[in-house]
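Encoded as structure tokens, the structure appears first; notes follow it.
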Amino acid sequence: ARVVVLASGTGTLLRSLLEAASSSNYPANIVAVGVDRTCAATEHADAAGVPRFKVALREHAGRAEWDVALTKAVDRHDPDLVVTAGFMKILGPTFLSTFGGRIINTHPALLPSFPGAHGVPDALAYGVKLTGATVHLVDSGVDTGPILAQEGVAVLPDDDEASLHERIKVVERRLLAEVVAAVAVRGVISDGRKAEIPSE
Ligand code: GRF
């Protein structure tokens, strides 16, 4: 399956997916990397020899124009799946109508708890003993799409945001690679709130 990955940050999730996809028996290959800003993620794409593109919101008249430009830039690579890995933008209606049902996101908390851009500090501040990672299909909400996989990560007494987030990212990297491979091979069935990857 052809996969386009969108990122905005350090790109460690992208890097781990590039590593997984570099093995010949991995059922998906990353055909392009898209970013919305200059960030470290593009270095991982270059290191892997994967084409990359940037569609920055501030380079467009507004959000609607950015939405259309991003959709075209991704569609040019004819993806079967789009993965948002630390992509810090809400995808627009044009993007969602073009790729809806085929967009996989990873979030560093056990949705529906702690959605949004601060899931790790929110969980820490709340005082939960268990948080974790969620891989889900993207819908028009923020971190609200049907859940594909979750795994718990214990919060340790001396955790700060960085230590907890790093431990969650370790789980996200593995979970994301597993889900992308499973969806690449078996597809996904989603109706309304629920999503299932057909069993082998
Ligand atoms: C990940 O925890 C992702 O779930 C969240 O931001 C982090 C991205 O990490 N949205 P990286 O940029 O891949 O290192």
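Quickly rank 180-189, 105-114 as a protection proxy: mean count of other C-beta atoms within 10 Å, highest first. Don't skip to the end; give the middle numbers.
Details: 180-189: 17.8, 105-114: 21.4.
Highest mean packing first, the order is 105-114, 180-189.
At 0.36 nm per residue, minus the direct Cα-Cα distance, what do GLN150 and ILE189 gain on full extension? Give it in nm, one decimal, please.
Working: separation 39, 0.36 × 39 = 14.04 nm, distance 1.70 nm.
So the chain would gain 12.3 nm between GLN150 and ILE189.
Tell me, in nm to one decimal, what length is gained between ILE90 and GLU59 on full extension, where the rule is 0.36 nm per residue of separation less the Cα-Cα distance? Present the calculation step by step, with values, prior to reporting the outcome.
Details: separation 31, 0.36 × 31 = 11.16 nm, distance 1.65 nm.
That pair, ILE90 and GLU59, stretches by 9.5 nm at full extension.
With an 8 Å cut-off on Cα pairs and a minimum separation of 6 or more residues, tell me the relative contact order of the chain in percent.
Numbers: 391 pairs, mean separation 37.5, N = 200.
It rounds to 19 percent for the chain.
How long is the gain from ARG37 to ALA125 if the chain were fully straight, where each residue apart is worth 0.36 nm and the alpha carbon distance is subtracted?
Details: separation 88, 0.36 × 88 = 31.68 nm, distance 2.91 nm.
Fully extending the segment from ARG37 to ALA125 adds 28.8 nm.
So what's Rg/Rh here for the chain, counting alpha carbon atoms and using the Kirkwood radius for Rh? Spell out each step's value before the answer.
Details: Rg = 16.1 Å, Rh = 17.0 Å.
In the chain, Rg relative to Rh is 0.95.
Using Cα positions and a limit of under 12 Å, work out the aspartates and glutamates in reach of LYS89, with same-chain residues fewer than 8 apart set aside.
Hits, sequence-local ones excluded: ASP36, ASP67, ASP143.
Where a number appears in this text, it was derived from the coordinates with a stated rule and is not lab data. All figures in this text were calculated on a predicted structure; none of them were measured in a lab. Virtual Cβ from ideal backbone geometry, glycine too; neighbours counted across all protein chains shown.
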